[in-house]
Amino acid sequence: MIVVVDYHKGNLLSVERGLAAAGAAVRVTDDAALIRAADAVVLPGVGAFADAAASMEALGQMDAVREAVAAGAPFLGICLGMHLMFEEGVEHAPEDGPNPRGLGFIPGCVGALPRTDSEGRAYKVPHVGWNSVEFGEPSPLFAGIAPSEFFYFTHSFIAPPSAATIAETTHSVTFPCAVQVPGAPVFGVQFHPEKSSDAGAQLLANFATIAREARGA
């Protein structure tokens, strides 16, 4: 069973439907006990970093997700869900600090997407639309997906580069748009696979396969 984490910040139906269409058994829940016991966990992207982190802490979900991943459950963070994989983020942080804390799977702080490039050209923020995704070494998350395939983005904040980066895109700056904790089936994507047509459906199917293989099914 793949558990989709509901932290009371939006509609999760499109993610649930996308995984179900990939043949996965899916359950949307806010129950920390069910998250902790999940075969795999998906953390969707709804809301702002500080608000989502506070809601997850209040519901006991932060520790539940950490414990599920520590026990070997595959994980996929989508958009804000990818941001929450990092140690901290500035979105909706109090002016006098500190920054809200994430799950801490990957070092670094999620920051604002610049509104200009290195030559001073202006870019729209939020970044909304289709961008090509570039990756080098193949990852099981991108099996059957060609480099430079287009995915749908909508966001105003970006993750920092790190050893976990497995794919990048460019909008004002080049930034990580997919990550994997080295040596673990723990992934995040900045884009929305559930809104990304056939390529997104393939990525969700790949994650469903990763989840099945992890439990030996």
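The values are calculated or read from the model by the stated rules, or taken from the named source; none is laboratory data. Worth saying up front: this structure is predicted, and the values here are computed from it rather than measured. Cβ coordinates were reconstructed from backbone atoms using ideal geometry, including for glycine residues, and neighbour counts include every protein chain displayed. Accessible surface is based on the protein model in full, side chains and every heavy atom, while ligands, DNA and RNA are left aside. Shrake-Rupley method; radii C 1.70, N 1.55, O 1.52, S 1.80 Å.
From the set of residues in region 103-122 that are within 28 Å of A53 (Cα to Cα) and assigned to a strand (DSSP E or B), which is most open to solvent (accessible area, probe 1.4 Å)?
P107
What single numbered condition from (1) of a type in the set (G, A, S); (2) out of contact with any His (no Cβ under 9 Å at 6 or more places or on another chain); (3) surrounded by fewer than 20 Cβ atoms within 10 Å (Cβ to Cβ) fails to hold for A48?
So the condition that A48 fails would be (2).
Quick one: R66 ticks every box in (1) in a strand (DSSP E or B); (2) touching a Leu at 6+ places or on another chain (Cβ under 7 Å); (3) surrounded by fewer than 17 Cβ atoms within 10 Å (Cβ to Cβ) bar one, so which box is it?
(1)
Starting from residues that are part of a helix (DSSP H, G or I) and at pLDDT 95 or above, keep the ones in region 21-48 and report whichever is nearest to P94 (Cα to Cα).
Taking region 21-48 as the starting set, the residues that turn out to be part of a helix (DSSP H, G or I) are 21, 32-36.
With at pLDDT 95 or above added as a condition, the list becomes 32-36.
Numbers: A32: 27, A33: 31, L34: 32, I35: 29, R36: 30 Å.
For region 21-48, the residue satisfying everything is A32.
Just the residues that are within 12 Å of L113 (Cα to Cα) and in a strand (DSSP E or B), please, taken from region 170-192.
Scanning region 170-192 gives T170, H171, V173, T174, F175, P176.
What number of residues within region 51-61 satisfy the criterion of being in a helix (DSSP H, G or I) and surrounded by fewer than 24 Cβ atoms within 10 Å (Cβ to Cβ)? I'd like the intermediate steps shown before the answer.
Restricting attention to region 51-61, the residues satisfying the condition of being in a helix (DSSP H, G or I) are 51-58, 61.
Okay, now just the ones that are also surrounded by fewer than 24 Cβ atoms within 10 Å (Cβ to Cβ), so 51, 54-55, 57-58.
Looking only at that region, the number is 5.
Out of A146, A201, which single residue is small (G, A, S), open to solvent by 30 Å² or more (accessible area, probe 1.4 Å), out of contact with any Ser or Thr (no Cβ under 7 Å at 6 or more places or on another chain) and not in a loop (DSSP other than H, G, I, E, B)? If you could, list the steps in order and put the result at the bottom.
Details: A146 fails: not in a loop (DSSP other than H, G, I, E, B).
A201 is the lone residue from the list that is small (G, A, S), open to solvent by 30 Å² or more (accessible area, probe 1.4 Å), out of contact with any Ser or Thr (no Cβ under 7 Å at 6 or more places or on another chain) and not in a loop (DSSP other than H, G, I, E, B).
Go through region 78-98 and count every residue that is in a strand (DSSP E or B), out of contact with any Cys (no Cβ under 9 Å at 6 or more places or on another chain) and within 17 Å of G111 (Cβ to Cβ). Walk me through how you get there before you give the answer.
Here is the first cut: in region 78-98, the residues in a strand (DSSP E or B) are 78, 86-89.
After this cut, where a residue has to be out of contact with any Cys (no Cβ under 9 Å at 6 or more places or on another chain) as well, the list is 78.
Next cut, within 17 Å of G111 (Cβ to Cβ) only: none.
Count: 0.
If you take the residues of region 162-180 that are out of contact with any Asp or Glu (no Cβ under 8 Å at 6 or more places or on another chain) and without any contact (Cβ under 8 Å) to a residue 40 or more places away in the chain, which of them is surrounded by the fewest Cβ atoms within 10 Å (Cβ to Cβ)?
A163
So, of the residues in region 88-102 that are of a type in the set (D, E) and farther than 15 Å from M56 by Cβ, which turns out to be least open to solvent (accessible area, probe 1.4 Å)?
D96
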